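Read the structure below first, then the notes.
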Amino acid sequence: MAKMRAVVRDSYGTAEVLRVAEVPRPVPKAGEVLVQVEAAGLDRGAWHLMTGKPYLLRLVFGVRRPRNPVLGRELAGRVVALGEGVTKFAEGDEVFGIGEGSFAQYAVARIDKLAVKPAALSFTEAAVLGISASTALQALRAGKVQAGQKVLITGASGGVGSYAVQLAKAFGAEVTGTASTPKLALVRKLGADHVLDYTQEDFADGAHHYDLIIDLAGTPSLKRLRRALARTGTVVIAGGEGGDPISGGTDRQLRAQLLSLFVRQRLTGLLAKENAADLEVLAELVEAGKVLPSIDSVVPLEGVQQALVDLADGMVSGKLAVAVTDLRREAS
């Protein structure tokens with residue numbers, strides 16, 4: 001059986017459970033392709049899948065231990081094998097999107113979660129689009145963003161936030177982004193019209209009101225969000241951090257939707273859906289020069305463990321990428 005190098009874990013836990021190992025190369029099933037991974041994206045979801053928290057995730061990815069020991073989901077690379085019935089892609093196609101176990105030399109991916117890689121992007125840049133950019137796009141759609149609106153994005157310097165700022169500007173909004181002091185320059189570079197240092201300023205101080213708030217920080221109370229919202233504005237809670245260990249931040253989304261039944265303001269949550277159609281929209285926006293990935297750093301497979309620690313500690317701006325190409329060449 002063919003082998004490959006991958007970042008694996010046998011149980012849920014902190015970054016110490018991760019190691020680089022030789023594991024069997026996956027085989028694509030019907031409706032899937034095998035992708036030779038050039039690069040992978042490292043998002044907050046990878047940390048949740050590593051720790052197995054919130055515990056509700058385990059109902060999908062494995063209750064006692066991960067069903068797939070290989071970590072990672074965002075990817076970019078070349079199709080090298082087709083599963084039964086696949087006609088959308090051919091061997092040699094350069095693709096990006098979402099697969100299973102992307103921190104590896106090879107990963108399988110469903111064809112409805114892949115798109116042709118934009119020619120304007122390197123594999124490394126394309127690898128960090130799949131989950132984070134799709135989430136940002138869907139959050140703005142859920143908020144029914146319109147040109148001329150005043151939009152506040154909390155957590156604007158993060159993986160999803162860095163795309164949300166650019167997409168909101170592409171849709172014609174006036175954008176304010178919150179970030180910590182060292183990350184304000186990045187938010188400005190992304191195109192935000194205004195920036196707020198959340199360590200010094202309170203977006204809910206009553207000085208400004210927004211037509212739409214995309215909450216990615218995962219911690220503001222509903223009361224604070226409403227205080228910053230226009231009388232008939234909309235809040236989309238897309239950040240899932242904090243909360244209890246079972247449901248995580250999803251309880252705040254549920255409370256928001258319940259409260260929305262009794263107030264004029266619209267409060268809603270977001271459960272992002274992975275699909276090729278949104279990836280294709282993002283590819284078009286990239287080709288048009290309206291969206292570009294913001295990559296903090298690129299690490300090898302051996303650097304994933306420390307990268308996840310840095311991500312959890314808030315030391316990352318934009319996205320992290322995992323380079324696989326060089327490691328493959330060393331192994332060949």
### Estimated dipole of segment 1-107 in Debye, rounded to 20 [Cβ of Lys and Arg +1, of Asp and Glu -1, Cα centre]
540
### Query
Cross-link partners among lysines for residue 88, C-alpha distance below 21 Å, same-chain residues fewer than 8 apart left out?
29, 113, 117, 273
### Selected from 293, 245, 54 as most flexible by GNM, with the chain as the system and alpha-carbon contacts under 10 Å
245
### Message
Explain nothing, just the number: dipole magnitude of the chain about its Cα centre with +1 on each Lys and Arg Cβ and -1 on each Asp and Glu Cβ, in debye rounded to the nearest 20.
### Response
900
### Message
Can you give me the distance in nm between label points at residue 90 and residue 297, each placed 7 Å from the Cα along the Cα-to-Cβ direction?
### Response
4.1
### Summary
Per-residue Cβ contact counts at 10 Å, fewest first, order 215, 205 as 205, 215
### Query
By a straight-distance test (C-alpha under 24 Å), which lysines pair with residue 183 as possible cross-link partners, with residues fewer than eight away in the same chain excluded?
150, 169, 290, 319
### Message
Projecting each Cα onto the charge dipole of the chain (Lys/Arg +1, Asp/Glu -1 at the beta carbon, about the Cα centre), which of 127, 297, 66 comes out farthest on the positive side?
### Response
66
### Stokes-Einstein D in µm²/s, Kirkwood radius over Cα pairs - the chain at 4 °C with 1.567 mPa s viscosity
64
## Note on the structure
Expected unfolding gain across residue 313-residue 227 under the 0.36 nm per residue rule, minus the alpha-carbon gap, is 28.1 nm
### Efficiency of FRET from Cβ geometry, residue 201 and residue 288, R₀ 41 Å, rounded to 0.05
0.80
#### Entry: Sorted by Cβ density within 10 Å, fewest first, the residues 165, 235
235, 165
### Query
Which of the peptides 151-157, 197-203 is most tightly packed, and how do the rest follow, going by the mean number of other Cβ atoms within 10 Å of each residue?
151-157, 197-203
### Query
How far apart, in nm, are the 7 Å Cα→Cβ label points at residue 59 and residue 193?
4.1
### Message
With +1 assigned to the C-beta of every Lys and Arg and -1 to the C-beta of every Asp and Glu, and no other charges, what is the dipole magnitude of segment 73-118 about the Cα centre in debye, to the nearest 20?
### Response
100
## Note on the structure
If 50, 1 are placed from fewest to most neighbouring beta carbons inside 10 Å, the sequence is 1, 50
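The numbers here are math on the coordinates, done by the rules we state, and not lab data. This is a predicted model, so every value here is computed, not measured. Glycine also receives a Cβ, built like all others from the backbone with ideal geometry; neighbour counts cover every protein chain displayed.
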